[in-house]
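In what follows, a single structure is set out as structure tokens and then discussed.
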Amino acid sequence: MNKTDFTDLDGKVLRVFLTILEESSVSKAADRLGVTQSAISHTLGKLRQVLGDPLFVRSGQGLTPTERALSLKDPIQRVLDNMRALTEGRPFDPLSEQLEFQIATNDMPRELIFPGLLRAARDVDVRLRLEFIPSGVPDPDLLRSDRCQLMLTPLPPDGPDIFQKRLVTSPLMVFYDAARREPPQNWRAYCDSEHVEVRFADGRSARAVMRGVDQSQIRPPVVTLPHFNAIPPFVKGSDLISTDTALMQQGPLATLDCAPLPFACDPVSIYMVWHQRSTNDPAHRWLRARIETIAATLQT
């Protein structure tokens, strides 16, 4: 039986392969790509025929990649990167294209930067589509796998293929309810206070941004939350405190009172981070420039 011609492996087919590999599920891959499960299954069948390997086998509720599939991950990503590079010198007009970006960030950068950016784009008829995923303490593989094209984070991942630019720097503050308590006046009072803390899905704490202090002396949190937007309902009307950047005053923690930390602690910088494949892409440059413009207006 003749195999399907290898030229059937266009960029969309290769992207489907990588998405199934990352999600370990046809249904999740379909949701992420915005297509039907039958379309994903059809593409997977084509891949299996062309490559002469099952690529994925069912295991419990998901799919397990074969050795052949695992060995193809990096070569296929390089092919897609090279295809993307073909467009880097192309004429670019944001009014003539649908611009789509997946961005990894947490509550504060998302709320302070992107609503205004989207409104400004829509005001001039730029067709911009944004999808957000939580960054937590980000992994560079999110960028390398093209699961997202940009990160905004105070904890930029390292790598020779990872680029970054500092957007804004903000001091850490104590957030509290002034109707219930005074802010802690010294290190000991701060350590003895009852805290609310954000912990990300990978188990790491948002306290990772606190540098140069002995965190072992701080009481364990009374409340641990998955994101910053959940903090105010717990702090309001209580003696609890939260430690976050002053920028949170303009975003998720706007309803709370705040005061400077009663001890020395380095300020926190927010970085814009991307993979080298996106550096010269004109649409990506367009987005980065607009993020920088809005970030420059933020006051701390």
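The values are calculated or read from the model by the stated rules, or taken from the named source; none is laboratory data. Everything quoted here is computed from the prediction, not taken from an experiment. Backbone-built Cβ (ideal geometry, glycine too); neighbour counts: all protein chains shown.
Observations on the model:
- Residues of segment 206-222 that turn out to be touching an Asp or Glu at 6+ places or on another chain (Cβ under 6 Å) and surrounded by fewer than 16 Cβ atoms within 10 Å (Cβ to Cβ), as a count: 3
- Test result for residue 99, of a type in the set (A, V, I, L, M, F, W, C) and either under 22 Å from residue 229 (Cα atoms) or not in a strand (DSSP E or B) (or both): no
- Answer residue from segment 61-95, given it is at pLDDT below 80 and among the small types (Gly, Ala, Ser) and is farthest from residue 126 (Cα to Cα) among those: 85
- Residues within segment 44-53 that are over 28 Å from the mean Cα position of the chain (by Cα), closer than 16 Å to residue 24 by Cα and touching a residue at least 12 places away in the same chain (Cβ under 8 Å), tallied: 1
- Restricting segment 272-286 to residues that are more than 19 Å from residue 129 (Cβ to Cβ) and assigned to a loop (DSSP other than H, G, I, E, B), the residue that is nearest to the chain's Cα centre (by Cα): 279
- Residues (assigned to a helix (DSSP H, G or I) and either within 26 Å of residue 211 (Cα to Cα) or among the charged types (D, E, K, R) (or both)) located in segment 120-172: 122, 123, 141, 142, 143, 144
- Within segment 247-271, being aliphatic (A, V, I, L, M), surrounded by fewer than 20 Cβ atoms within 10 Å (Cβ to Cβ) and either touching a His at 6+ places or on another chain (Cβ under 6 Å) or not in a strand (DSSP E or B) (or both) holds for 254, 261, 264.
Listed here are the residues, each with its yes/no results for (1) among the aliphatic types (A, V, I, L, M); (2) at pLDDT below 90.
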site	(1), (2)
149	no, no
152	yes, no
159	no, yes
168	yes, no
171	no, no
177	no, no
181	no, no
185	no, no
189	yes, no
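- The number of residues in segment 173-194 being in contact with a strand residue (DSSP E or B) (Cβ under 6 Å, 6 or more places away or on another chain) and under 12 Å from residue 242 (Cβ atoms) comes to 6.
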